[in-house]
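Asks: Pasting in a structure now, in structure tokens, and then I'll have a few things to ask.
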Amino acid sequence: METQTIVICPAARAEKYIVRNLLELCRYDYSEFNGDDLDDSGFFGYTYLDHYWTEPGRYPFLLRVEGKLAGFVLVRQLDDMDALTYEMAEFFIVRKYRRQGLATLAALAIFARFPAVWRLHQEAGNLPAQMFWHKVLARSPYHAYREWQLDDGAGIAQEFIVS
């Protein structure tokens, strides 16, 4: 198999519908772990999607491989922190492009764009996501790593500094 490259581009307002469509695929995958249901129109929805084009500190990205859509990333700045802190609000790679190292490259590139404190969260039952993020963080040039169980028992979180 030839080596493919993943390209990360900010999602323009005119591309919001693309992110919305990909979010439905993402939320479908997550529903196995978080128990979310479709609404009466057959959508999962995403409450904060519009905010990524109207509020500061929110950054939507589209991922492409060989010019084809491969996923998206939503990054948001957390306001209530002592230090500049970002959260990987959503991270999604289409199944076709998984297990090729492309998602790891995308995650590391996103971290590098925003040197600061980072937080990640995964649902308790989402073992594939937990394993993925542990693998990514093993390759990340981070400092001050810590991991903890969320208070409500709904999952785990990691925090680290990318400089």
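Asks: When you scan the stretch 136-163, how many residues do you find that are loosely packed, with under 12 Cβ neighbours inside 10 Å and either touching a Cys at 6+ places or on another chain (Cβ under 9 Å) or aliphatic (A, V, I, L, M) (or both)?
Replies: Residues flagged as loosely packed, with under 12 Cβ neighbours inside 10 Å and either touching a Cys at 6+ places or on another chain (Cβ under 9 Å) or aliphatic (A, V, I, L, M) (or both) within the stretch 136-163 amount to 2.
Asks: Another question, then. Looking at the stretch 44-97, which of the residues that are crowded, with 20+ Cβ neighbours inside 10 Å, β-branched (Val, Ile, Thr) and without any contact (Cβ under 8 Å) to a residue 40 or more places away in the chain is farthest from Gln4 (Cα to Cα)?
Replies: Going through the qualifying residues, I end up with Val75.
Asks: Of the residues Ala124, Ala106, Ala112, which single one is farther than 22 Å from Pro10 by Cβ and touching a residue at least 24 places away in the same chain (Cβ under 8 Å)?
Replies: That would be Ala124, the only listed residue that is farther than 22 Å from Pro10 by Cβ and touching a residue at least 24 places away in the same chain (Cβ under 8 Å).
Asks: For the stretch 22-46, which positions are more than 16 Å from the chain's Cα centre (by Cα) and at pLDDT 85 or above?
Replies: Passing the criteria: none in range.
Asks: Which numbered condition in (1) on the phi < 0 side of the Ramachandran plot; (2) modelled with pLDDT of 90 or more is the only one that Gly101 fails?
Replies: Failing condition for Gly101: (1).
Asks: Scan the stretch 7-15 and tell me whether some residue there is in a helix (DSSP H, G or I), without any contact (Cβ under 8 Å) to a residue 24 or more places away in the chain and over 18 Å from Leu108 (Cα atoms).
Replies: Checked against the condition, which is being in a helix (DSSP H, G or I), without any contact (Cβ under 8 Å) to a residue 24 or more places away in the chain and over 18 Å from Leu108 (Cα atoms), the stretch 7-15 yields at least one hit.
Asks: Of the residues Val65, Val19, only one is β-branched (Val, Ile, Thr), more than 27 Å from Gly153 (Cα to Cα) and within 13 Å of the chain's Cα centre (by Cα); which?
Replies: Values: Val65 fails: within 13 Å of the chain's Cα centre (by Cα).
Criteria check complete, one pass: Val19.
The values are calculated or read from the model by the stated rules, or taken from the named source; none is laboratory data. All values derive from a computational prediction rather than experimental measurement. Every residue, glycine as well, gets a Cβ built from its backbone with ideal geometry; the counts of neighbours run over all protein chains shown.
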